[in-house]
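Shown next, in structure tokens, is the structure this report addresses.
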Amino acid sequence: MKVAKFGGTSVASAEQIRKVASVITDDPERKVIVVSAPGKRNDEDTKVTDLLIKLGETYLSEGSADAELAAVVDRYEQIAKGLELSSEIIDTIESDLKERLAADTSNEGKFMDAIKASGEDNNAKLIAFYLESKGIEAQYVNPRDAGLLVSDEPGNAQVLPEAYENLFKLRERPGVLVFPGFFGYSPEGTLVTFPRGGSDITGSIVAAGIKADLYENFTDVDSVYAANPKVVDGPVEIKRLTYREMRELSYAGFSVFHDEALIPAFRNSIPVCIKNTNNPQARGTMIIAEREYMLNPVIGIASDDGFSTIYVRKYLMNREVGFGRRLLEIIEDEGISYEHIPSGIDDTSVILRQDQLTDEAEHRIINRINDELEVDDVYIEKDFAMIMIVGEGMHNTKGISARATTALARADVNIEMINQGSSEVSLVFGVHEKDADNAVRELYDEFFGEADESLQ
Ligand code: ASP
């Protein structure tokens, strides 16, 4: 039994949904289909989830949002027309949206989650309706009925352990099951969404729940590539990589698979295959527990922007018991999570995602560090990129850092931070954002310059 998840671009139009239907009928093992909301049809297009966020926000601030509602309904209408479906399904979708808008708005997080989740929910209904119209035995599954239980944190749901047992029962239902991605229900019955891009997470949870043999994640590229194809010309395709490698690459900007989606599959040893809806014959990339890494210890190079660093210096910091804890407590009090803490004997840097830092939070943090920790110096620097070199084989191979730093010197890139050691599968370099693309290109040349298919 397989779970196949189809991302936003795979279900963005009638033409795409036709491809999905043929992928489903090609393999009777594809039992559960997890779908996203309709995504972008081209670069200028807007995802339905973004249209829905605008709809919810306008409704909250102005008390009505007719144009925004019409924009959402219009997307489904175009799809339904293209699939030659009766208008019944559009009436269902429109009244569903109106019902969600008419709900209690006192808890804005809860209200917005219900609006956002309608993107996947209505798309799942529409796709099930279409499959049935084509004579395929199919049914829409409501995540509440299926028992996809999650914690009650709007926009940041975490699956609850009992969900897996509930989902196992899906195996008994007949036909193809069309399951909406991106949300579940709290034990009290409140709809809660996962973080953005969370349909991958639903797919992984459902795959773990039904104990699938394979979790297929259909997107719009043939495979995961060793570097971002927008930065590096024609990077090699990765054929096999481990959960840990994928986790590190997704963390640093490989958006092809959500980093939180790996855990359920990994814990239940379900292999994940990234495949292309537009080219389903391509073999894709397999994510598995172990792989051989005989020839190239590095599997990929990723880079992500938008990091800040809080630099702190204090003479004899290394001997001050509790310094690190007190520093991190100040950051914790702002509700901010950190990413890395490279440290020396008298100084340390706390690296965090910049979008968490407001001007006020910055001032409070600097003042508290000065007052409470009596440091010699503290300042915040912005606009860093983290470049990650990832590969299971690296910790057993000599000379990787030397090759990487030499490549960065060749690219004339100054290294602001290096973090090796804690992770066995990655080496992290902090550089200024403006240097990131050059750095990735030179590193790619260093580790994959001679690459041929046999390296992977
Ligand atoms: N539609 C949601 C989003 O755009 C979830 C997903 O597509 O995975 O974030």
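The values are calculated or read from the model by the stated rules, or taken from the named source; none is laboratory data. Keep in mind the model is a prediction, meaning the values are calculated, not measured. No Cβ is skipped: glycine too gets one built from the backbone with ideal geometry, and neighbour counts run over all protein chains shown. All accessible areas refer to the heavy atoms of the entire protein, side chains included, with ligands and DNA or RNA removed. Shrake-Rupley method; radii C 1.70, N 1.55, O 1.52, S 1.80 Å.
Taking region 26-70 only, how many residues are open to solvent by 80 Å² or more (accessible area, probe 1.4 Å) and either closer than 20 Å to LEU126 by Cβ or within 14 Å of the ligand (Cβ to nearest atom) (or both)?
Residues that pass the stated criteria total 3.
Suppose the filter is under 30 Å from ILE288 (Cα atoms) and not polar (S, T, N, Q); does MET386 pass it? Don't jump to the end; show me each part of the working.
Details: under 30 Å from ILE288 (Cα atoms): yes; not polar (S, T, N, Q): yes.
Judged against the criteria, MET386 is a match.
Of everything in region 159-193 that's within 16 Å of the ligand (Cβ to nearest atom) and of a type in the set (A, V, I, L, M), which residue is nearest to SER36 (Cα to Cα)?
If we filter region 159-193 for residues that are within 16 Å of the ligand (Cβ to nearest atom), which is where we start, we get 159, 178-184, 191-193.
With the extra rule that they be of a type in the set (A, V, I, L, M), the set shrinks to 159, 178, 191-192.
Working: VAL159: 18, VAL178: 11, LEU191: 16, VAL192: 15 Å.
Only one residue fits best here, namely VAL178.
Scan region 5-20 residue by residue and report those that are away from the ligand (no atom under 14 Å from the Cβ) and open to solvent by less than 10 Å² (accessible area, probe 1.4 Å). Quick ask: steps written out before the conclusion?
To start, the set of residues in region 5-20 that are away from the ligand (no atom under 14 Å from the Cβ) comprises 13-15, 17-20.
Residues satisfying the conditions are ILE17, VAL20.
Only one residue in LYS31, LYS54, LYS81, LYS98 is outside any loop (DSSP other than H, G, I, E, B) and farther than 30 Å from ASN278 by Cα, so which one is that? Working first, answer last.
On the way: LYS31 fails: farther than 30 Å from ASN278 by Cα; LYS54 fails: farther than 30 Å from ASN278 by Cα; LYS81 fails: farther than 30 Å from ASN278 by Cα.
The unique qualifying residue is LYS98.
Would you please name the residue that is least open to solvent (accessible area, probe 1.4 Å), looking only at residues in region 306-352 that are among the acidic types (Asp, Glu) and part of a helix (DSSP H, G or I)? Full working, then the answer.
Residues of region 306-352 among the acidic types (Asp, Glu): 320, 329, 332-334, 339, 346-347.
Within this subset, residues satisfying the condition of being part of a helix (DSSP H, G or I) are 329, 332-333.
Working: GLU329: 79, GLU332: 126, ASP333: 95 Å².
Ranking the candidates gives GLU329 first.
Hey, can you tell me all the residues within region 198-221 that are within 12 Å of the ligand (Cβ to nearest atom) and more than 18 Å from ASN279 (Cβ to Cβ)?
GLY198, SER199, ASP200, ILE201, THR202, GLY203, SER204
Could you say which residue among ASP359, ASP355 is of a type in the set (Asp, Glu), open to solvent by 70 Å² or more (accessible area, probe 1.4 Å) and under 24 Å from the mean Cα position of the chain (by Cα)? Give the derivation first.
Working: ASP359 fails: under 24 Å from the mean Cα position of the chain (by Cα).
Result of the check over ASP359, ASP355: ASP355.
Kindly provide the set of residues from region 267-277 that are among the hydrophobic types (A, V, I, L, M, F, W, C) and surrounded by 21 or more Cβ atoms within 10 Å (Cβ to Cβ), ordered by number. Before you say what the answer is, go through the steps one by one.
Taking region 267-277 first, the residues among the hydrophobic types (A, V, I, L, M, F, W, C) are 270, 272-274.
Once the filter is applied, which keeps residues that are among the hydrophobic types (A, V, I, L, M, F, W, C) and surrounded by 21 or more Cβ atoms within 10 Å (Cβ to Cβ), region 267-277 yields ILE270, VAL272, ILE274.
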